[in-house]
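Below is one structure, written out as structure tokens, with a few remarks after it.
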Amino acid sequence: MKTRLIFVRHGEATGNVQRRFHGDYDSALTENGMRQAELAACELDRFPIDRIIASDLTRTFETARAIARRRNLEVTTDSKLREINGGEWEDVPWDDLPEKFPESYEHWLHRMDLLQMPGGESAEGFQQRVITAVEKIEDTNAGKSLCIVTHGTVIKVLLCHFKGIGLDKFCDQPWQDNASITLVEKEDGIYRVLLKGFAEHLGEYSTMAKQDWWKK
């Protein structure tokens, strides 16, 4: 039995524009982010979707609601799909992180497997949290096509899991644009990544096209 998982990163939020670390911090979509959510919803018309599940933070729920409106579906929320809890990193400008938190910032950049957010989650604990959440969703919806609206780091640690690679390879996985789409199928316990970070539907509304941090 084949289960389809369609992961959508939330639309552009205030933290993405202001370049502040927003993990567990609850930020809203920007006007551009709302437009991105609508564009992603239109792009998803080419896929059947049986259920929509989202992180319960505002930026993910609003993105999921744009998708749900086109299909007359409800959005189920799950707090276990939230972004990593950054603890003392929360709402801190990205440019300040290397000076304030040199060890954890270095691990974020190069050794995610060693990361412990000061006052927050470890990367390993975070990954296990989201894997457990997704596996529970799969188990209760076997054979269905599921849209899961979540966060950038969530998608990256899940891709490591789906590919059978460790968090030490986390940094080799590229960051995905806001409102991008990743398609994964699971059959007989095997995951296949069919589409990763698709964002052609965004055009001029792309967030990453206007930024260069991700190229470094």
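The values are calculated or read from the model by the stated rules, or taken from the named source; none is laboratory data. No experiment lies behind these values; they were computed from the predicted model shown. Don't worry about glycine lacking a Cβ; one is built from the backbone with ideal geometry, like all the others, and counts go over all protein chains shown. The protein model used for the area step is the full one, side chains on, heavy atoms only, and it has no ligands, DNA or RNA in it. Shrake-Rupley method; radii C 1.70, N 1.55, O 1.52, S 1.80 Å.
Of the residues in segment 156-178, how many are in contact (Cβ under 8 Å) with a residue 60 or more places away in the chain, crowded, with 22+ Cβ neighbours inside 10 Å and among the hydrophobic types (A, V, I, L, M, F, W, C)?
Just the residues of segment 156-178 that are in contact (Cβ under 8 Å) with a residue 60 or more places away in the chain, to begin with: 158, 171, 176-178.
Those still in the list that are crowded, with 22+ Cβ neighbours inside 10 Å too: 158, 176-178.
Now restrict to residues that are among the hydrophobic types (A, V, I, L, M, F, W, C): 158.
Number satisfying all stated conditions: 1.
Restricting to segment 77-90, name every residue that is within 30 Å of Ala41 (Cβ to Cβ) and surrounded by 14 or more Cβ atoms within 10 Å (Cβ to Cβ). First the steps, then the outcome.
Start the filter on segment 77-90 by keeping residues that are within 30 Å of Ala41 (Cβ to Cβ), which leaves 77-86, 90.
Across segment 77-90, the qualifying residues are Thr77, Asp78, Lys80, Leu81, Arg82, Glu83, Ile84, Asn85, Gly86, Glu90.
Regarding Leu97, is this residue in contact with a helix residue (DSSP H, G or I) (Cβ under 6 Å, 6 or more places away or on another chain) and either surrounded by 14 or more Cβ atoms within 10 Å (Cβ to Cβ) or at pLDDT 95 or above (or both)?
Details: in contact with a helix residue (DSSP H, G or I) (Cβ under 6 Å, 6 or more places away or on another chain): yes; either surrounded by 14 or more Cβ atoms within 10 Å (Cβ to Cβ) or at pLDDT 95 or above (or both): yes.
In short, yes.
Residues that are closer than 23 Å to Glu200 by Cβ and without any contact (Cβ under 8 Å) to a residue 40 or more places away in the chain: find the helices (runs of 4 or more DSSP H) completely inside segment 1-108 holding 1 or more of those.
Values: elements: 14-18, 31-43, 58-69, 97-100.
Per the criteria, 31-43, 58-69.
Answer yes or no: is there a residue in segment 114-121 that is crowded, with 21+ Cβ neighbours inside 10 Å and in contact with a strand residue (DSSP E or B) (Cβ under 7 Å, 6 or more places away or on another chain).
Yes, some residue in segment 114-121 is crowded, with 21+ Cβ neighbours inside 10 Å and in contact with a strand residue (DSSP E or B) (Cβ under 7 Å, 6 or more places away or on another chain).
Condition (residue is of a type in the set (Phe, Trp, Tyr), modelled with pLDDT of 95 or more and in contact with a helix residue (DSSP H, G or I) (Cβ under 6 Å, 6 or more places away or on another chain)) applied to segment 16-24: is it met by at least one residue? If you could, list the steps in order and put the result at the bottom.
Going through segment 16-24, the residues of a type in the set (Phe, Trp, Tyr) turn out to be 21.
Going one step further and asking which of them are modelled with pLDDT of 95 or more, we end up with 21.
Imposing the further condition that a residue be in contact with a helix residue (DSSP H, G or I) (Cβ under 6 Å, 6 or more places away or on another chain) reduces the set to 21.
Yes, the conditions are met somewhere in segment 16-24.
Hey, does segment 43-66 have a residue that's open to solvent by 30 Å² or more (accessible area, probe 1.4 Å), under 30 Å from Lys2 (Cα atoms) and β-branched (Val, Ile, Thr)? Give the derivation first.
Quick first cut of segment 43-66, residues open to solvent by 30 Å² or more (accessible area, probe 1.4 Å) only: 43, 45-46, 48, 50-51, 56, 58, 61-62, 65.
Okay, now just the ones that are also under 30 Å from Lys2 (Cα atoms), so 43, 45-46, 48, 50-51, 56, 61-62, 65.
With β-branched (Val, Ile, Thr) added as a condition, the list becomes none.
No, that holds for no residue.
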